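Encoded as structure tokens, the structure appears first; notes follow it.
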Amino acid sequence: MNPKRFSIRTMIALLLAVSVVLLGSLVSLPRQETGRGPATIALKAPPFVGVASAQSGQQSIGSFLDNEAGISAYFNAGGPVDLDMAKAAFRTIEVQTADYIIGSVPVADYPESQDVHVYVHKNGWFLAYYLKADPVGKIYDWRRYTDATIPTKLERALAAVAGLVGVPVSSSTYYDFRYPNATHLILRVFPT
């Protein structure tokens, strides 16, 4: 047998065997989940988004949020709220009218850079959001994360403001103003 021919055949066989093993391992070994499956958050636009302002010359709150907000969480208290009582939750107030307040609310145990913008309307609407430029992952409260729950800083900010006006937050609905057609936000946590 020719030594050159043997080594070429051997190399080809080895390369094929290694390729088959590598390809087989990529195809047949799915990522291992360790009880931390994907967390899915349904997204739905707030009813007041896209509603034109009844007063001429004023930008509607929906337009304002379309221009400024990114990921958000909201709920309706089911009745009127006292904006003066809500003001105490804000670190800064950016806009205040007779109908609503928009400002930043601190999240306990986080620096000011993690403050959440919150909109509160006297009719009972509460909406917490991060700006469009902020990454969506900023919402997650990793300090309170467990394998069973993934709390958000948006929920914490809503609870802080609502608590001051005596309104319980039973559940929040989420929406991403950057992606109006999106229906879900999925977080996948891979084992380290």
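A few comments on the model shown:
- Cβ pairs under 9 Å, 6+ apart, first in the stretch 137-149 and in contact (Cβ under 8 Å) with a residue 40 or more places away in the chain, second exposed (fewer than 13 other Cβ atoms within 10 Å of the Cβ): Asp147/Thr34; Asp147/Gly35
- Flag for Ile93 being at pLDDT 95 or above, more than 17 Å from the chain's Cα centre (by Cα) and on the phi < 0 side of the Ramachandran plot: yes
- Checking Asp115 against (1) at pLDDT 90 or above; (2) within 19 Å of the chain's Cα centre (by Cα); (3) surrounded by fewer than 18 Cβ atoms within 10 Å (Cβ to Cβ), the condition it does not meet: (3)
- Residues satisfying the stated conditions in the stretch 133-167, i.e. among the hydrophobic types (A, V, I, L, M, F, W, C), within 10 Å of the chain's Cα centre (by Cα) and either part of a loop (DSSP other than H, G, I, E, B) or crowded, with 20+ Cβ neighbours inside 10 Å (or both): Ile139, Leu154
For every residue, the table says whether it meets (1) modelled with pLDDT of 90 or more; (2) closer than 30 Å to Gly163 by Cα; (3) surrounded by 12 or more Cβ atoms within 10 Å (Cβ to Cβ).
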site	(1), (2), (3)
Phe6	no, no, no
Leu29	no, no, no
Gly50	no, yes, yes
Glu68	yes, yes, yes
Pro111	yes, yes, no
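The values are calculated or read from the model by the stated rules, or taken from the named source; none is laboratory data. Note that this is a predicted model, so its numbers are computed, not measured. Please note: Cβ atoms are built from the backbone with ideal geometry, for glycine as well, and neighbour counts cover all protein chains shown.
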